[in-house]
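Undergrad: Below is the structure I would like to discuss, written out as structure tokens.
The values are calculated or read from the model by the stated rules, or taken from the named source; none is laboratory data. This one's a predicted model, so the numbers in the text were calculated from it and none came from an experiment. Don't worry about glycine lacking a Cβ; one is built from the backbone with ideal geometry, like all the others, and counts go over all protein chains shown.
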Amino acid sequence: MTDHPHFLLSTLHHHFPLSWKEWVVDPAEQFYYVWLQVMIFPIVYNWVIIILRTCFTTIGVSYLPVWLTLDYLSDLMYMVDMIITVHTGYLDQGILIKDLTHLKKRYLHSKHFLLDLASLLPTDVLYFVFGIQTPLVRINRLLRMPRLDEALDRIETRTSYPNTFRISKLMIYIFVLIHWNACFYFALSSYVGCGSDIWVYPNVSDPEFASMRRQYFYCFWFSTLILTTVGDVPQPQREEEYLFMTADLLIAVLVFASVVGNVGDVIVSLRDRDNVFFPNHELVKAYLRSHLISKELNQRINNWYQHLYINKKIIRENEILQQLPIHLRTEIAVSVHLPTLSKVTIFQSCEKSLLEELVLKLTPQVFSPGEYVCRKGDVGHEMYIITDGKLAVVADDGVTEYAVLSESNFFGEISILNIKGNKSGNRRTANIRSIGYSDLFSLSKEDLTDVLSEFPAAKRHLEEKGRQILTKMGMLEETGEQEEAEAEKVESKINRLESNLEILQTKLARLMVELESSNHKAQARMEQLEWELGDAACGDVWLNLYSSRL
Ligand SMILES: Nc1ncnc2c1ncn2[C@@H]1O[C@@H]2COP(=O)(O)O[C@H]2[C@H]1O
């Protein structure tokens with residue numbers, strides 16, 4: 001808050017263009033946010049001081065020059081606030097409206113304007129009627145309350161500690177309420193007569209209760225006792241006092257209820273937040289209770305949860321970030337995990353785009369001391385990247401350690417890469433055991449295959465590393481390369497056969513066409529002959545008929 005004036009100056013300079021009439025504030029800008037916070041001061045000042053000066057007349061009179069200066073300073077800020085409100089743009093279909101005539105019209109026709117105007121009416125002229133010691137004439141200044149609400153709402157959405165802010169806001173509201181009540185109590189005491197009975201404020205002529213500070217603090221304490229339902233206040237003696245106490249006790253019930261409700265809300269929201277960050281321990285505990293689980297396993301589960309809580313290990317980050325649009329999610333994941341990922345040897349030479357694709361597919365996992373991440377012979381479904389901790393590659397006896405893997409190393413890639421000549425196929429080639437607590441990122445076979453299909457260089461690098469391990473372990477078939485060459489030969493033979501077959505098919509088709517056409521020709525010839533023969537026979541018949549007539 002202390003650097004606001006400086007900030008305001010620089011932003012004002014930045015925001016006032018050459019022509020001040022064209023100046024429009026974007027409500028999403030920092031300037032608007034800071035201005036709202038600045039406006040908290042005059043509004044709270046009026047809410048606290050007007051009633052104080054009205055009821056504690058000695059305080060009002062004693063510091064009159066101070067109060068008058070602050071009064072007119074707050075009025076000035078109210079005025080500036082109205083000017084800024086006129087110049088504040090708004091979004092229409094996502095576009096900031098900057099047309100000043102339009103903005104002016106909109107503000108002048110809004111309810112806001114009426115309230116703002118009412119809160120700035122120069123009611124001080126009434127001083128001429130009632131005298132300068134009647135600050136109550138400025139009570140209309142309290143109408144600027146909606147601006148305070150807006151400022152507090154903005155802070156609540158921006159702050160990283162909304163729960164702390166909510167409780168602080170509630171406490172401030174309660175303080176202001178107790179303050180007003182204290183003022184009313186003193187006013188009632190003065191009206192009834194200070195010291196006239198045991199309930200009211202003691203006689204102010206008594207030196208012990210004469211000072212202004214004593215007056216205020218006594219009343220504040222008395223008001224706190226009632227409004228916090230602590231009780232222990234003297235019995236009222238008059239009807240006015242009874243009425244006051246009854247009203248106060250009713251308000252106290254509301255105050256109490258709102259405190260309990262708000263604190264309850266905060267506790268629930270804290271628990272919800274924890275449940276979002278960490279897997280729900282209560283649920284798991286309930287499940288374990290309903291089944292017979294060994295003590296040792298129970299202990300391991302508890303230890304795992306404790307480790308997550310104490311070290312703030314968030315393993316549900318994918319679910320949490322799911323709520324954001326994909327581009328923001330990528331940006332967050334990149335800024336959080338890219339430093340870790342780029343330390344991993346295979347990814348060091350990779351393009352940024354590959355890492356960006358990968359980073360969204362990583363799932364954080366935490367393993368406890370002695371826990372096996374994978375066992376030899378299991379089918380591999382994912383590979384792992386170590387972000388923190390140490391893991392041992394152990395032999396089947398569970399004791400012999402072949403290697404120790406640490407931060408930025410990766411493992412589990414061999415069984416998911418389909419390396420040619422790998423005797424173990426898609427099975428894990430080794431046992432991997434977490435030495436202490438270790439944080440890993442797992443990457444599923446499907447996701448890795450997807451990403452690597454677009455980045456063959458990274459794929460070759462991974463396969464090469466896998467082949468080296470397999471060779472060291474004697475699990476890569478020697479004939480692997482020969483087989484590969486032979487497979488290539490067979491493939492080329494098949495290709496050749498296929499092309500020959502295509503040629504033969506074409507030739508056959510051509511022959512078929514030729515055969516068909518010669519068939520057609522032969523048929524036509526036959527028909528011709530038949531016709532010619534038929535004609536000759538007919539000629540003979542006519543000739544016979546003609547000769548018999550003769
Ligand atoms: N000697 C070794 N040194 C380092 N890592 C190994 C060694 N042997 C096996 N691994 C890793 O342990 C993993 C076990 O699962 P995978 O076979 O999928 O992939 C294996 C390799 O990544």
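Undergrad: I want to confirm something. Restricting to segment 217-250 and keeping residues that are in a helix (DSSP H, G or I) and among the β-branched types (Val, Ile, Thr), which single residue is surrounded by the most Cβ atoms within 10 Å (Cβ to Cβ)?
TA: Among them, the one singled out is Ile226.
Undergrad: Does segment 137-148 contain any residue that is surrounded by 14 or more Cβ atoms within 10 Å (Cβ to Cβ), part of a loop (DSSP other than H, G, I, E, B) and free of Cβ contacts under 8 Å to residues at least 24 places away in the same chain?
TA: Looking for residues that are surrounded by 14 or more Cβ atoms within 10 Å (Cβ to Cβ), part of a loop (DSSP other than H, G, I, E, B) and free of Cβ contacts under 8 Å to residues at least 24 places away in the same chain, one finds none in segment 137-148, hence no.
Undergrad: Go through Val373, Val336, Val379, Val344 for me and flag whichever is surrounded by fewer than 16 Cβ atoms within 10 Å (Cβ to Cβ) and either among the charged types (D, E, K, R) or within 16 Å of the ligand (Cβ to nearest atom) (or both).
TA: Val379 is the lone residue from the list that is surrounded by fewer than 16 Cβ atoms within 10 Å (Cβ to Cβ) and either among the charged types (D, E, K, R) or within 16 Å of the ligand (Cβ to nearest atom) (or both).
Undergrad: Okay, moving on. Assigned to a helix (DSSP H, G or I), charged (D, E, K, R), more than 16 Å from the ligand (Cβ to nearest atom) and surrounded by fewer than 15 Cβ atoms within 10 Å (Cβ to Cβ): is that true of Glu319 in this structure?
TA: Yes; evaluated as a whole, the condition is true for this residue.
Undergrad: Got at least one residue in segment 401-424 being assigned by TED's automatic domain parsing to the domain that holds Leu338, of a type in the set (A, V, I, L, M), near the ligand (Cβ under 10 Å from one of its atoms) and touching a residue at least 60 places away in the same chain (Cβ under 8 Å)?
TA: no
Undergrad: Between a residue in segment 474-503 that is within 18 Å of Ser424 (Cβ to Cβ) and any residue that is at pLDDT 65 or above and not in a loop (DSSP other than H, G, I, E, B), which pairs come within a Cβ distance under 7 Å, given they are 6 or more apart or on different chains?
TA: Pairs found: Met475/Asn422; Leu476/Asn422; Leu476/Arg467; Leu476/Leu470.
Undergrad: Being surrounded by 15 or more Cβ atoms within 10 Å (Cβ to Cβ), part of a helix (DSSP H, G or I) and hydrophobic (A, V, I, L, M, F, W, C) is the requirement here; does Ile469 meet it?
TA: In short, yes.
Undergrad: Here is a follow-up. If you go through segment 291-315, how many residues are among the charged types (D, E, K, R) and part of a helix (DSSP H, G or I)?
TA: Matching residues across segment 291-315 total 3.
Undergrad: Only one of these is in contact with a Ser or Thr (Cβ under 8 Å, 6 or more places away or on another chain), on the phi < 0 side of the Ramachandran plot and either modelled with pLDDT of 85 or more or surrounded by 11 or more Cβ atoms within 10 Å (Cβ to Cβ) (or both): Val266, Val276, Val253, Val260. Name it.
TA: Val253
Residue-wise test of (1) over 24 Å from Asn426 (Cα atoms); (2) touching a helix residue (DSSP H, G or I) at 6+ places or on another chain (Cβ under 7 Å).
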site: Leu360; (1), (2): yes, yes
site: Gln365; (1), (2): no, no
site: Ser368; (1), (2): yes, yes
site: Glu371; (1), (2): no, no
site: Lys376; (1), (2): no, no
site: Tyr384; (1), (2): no, no
site: Asp388; (1), (2): yes, no
site: Asp397; (1), (2): no, no
site: Tyr402; (1), (2): no, no
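Undergrad: Hey, can you tell me all the residues within segment 388-400 that are away from the ligand (no atom under 13 Å from the Cβ) and either without any contact (Cβ under 8 Å) to a residue 12 or more places away in the chain or on the phi > 0 side of the Ramachandran plot (or both)?
TA: Gly389, Asp397, Gly398, Val399
Undergrad: Report whether or not Val366 is more than 15 Å from the ligand (Cβ to nearest atom) and either hydroxyl-bearing (Ser, Thr, Tyr) or in a loop (DSSP other than H, G, I, E, B) (or both).
TA: Considered against the rule, which asks whether it is more than 15 Å from the ligand (Cβ to nearest atom) and either hydroxyl-bearing (Ser, Thr, Tyr) or in a loop (DSSP other than H, G, I, E, B) (or both), Val366 comes out as no.
Undergrad: Then there is this: When you scan segment 429-466, how many residues do you find that are within 13 Å of the ligand (Cβ to nearest atom), aliphatic (A, V, I, L, M) and either assigned to a strand (DSSP E or B) or closer than 30 Å to Asn303 by Cβ (or both)?
TA: Residues meeting the conditions: 4.
Undergrad: Can you find, within segment 96-135, the residue that is surrounded by the most Cβ atoms within 10 Å (Cβ to Cβ) among those that are touching a strand residue (DSSP E or B) at 6+ places or on another chain (Cβ under 9 Å) and part of a helix (DSSP H, G or I)?
TA: Among residues in segment 96-135 that are touching a strand residue (DSSP E or B) at 6+ places or on another chain (Cβ under 9 Å) and part of a helix (DSSP H, G or I), the one surrounded by the most Cβ atoms within 10 Å (Cβ to Cβ) is Leu103.
Undergrad: Please list, ordered by first then second residue, the pairs with beta carbon atoms under 7 Å, 6 or more apart or interchain, first in segment 318-332 and closer than 19 Å to Leu355 by Cα, second surrounded by 12 or more Cβ atoms within 10 Å (Cβ to Cβ) and hydroxyl-bearing (Ser, Thr, Tyr).
TA: Pairs found: Asn318/Thr363.
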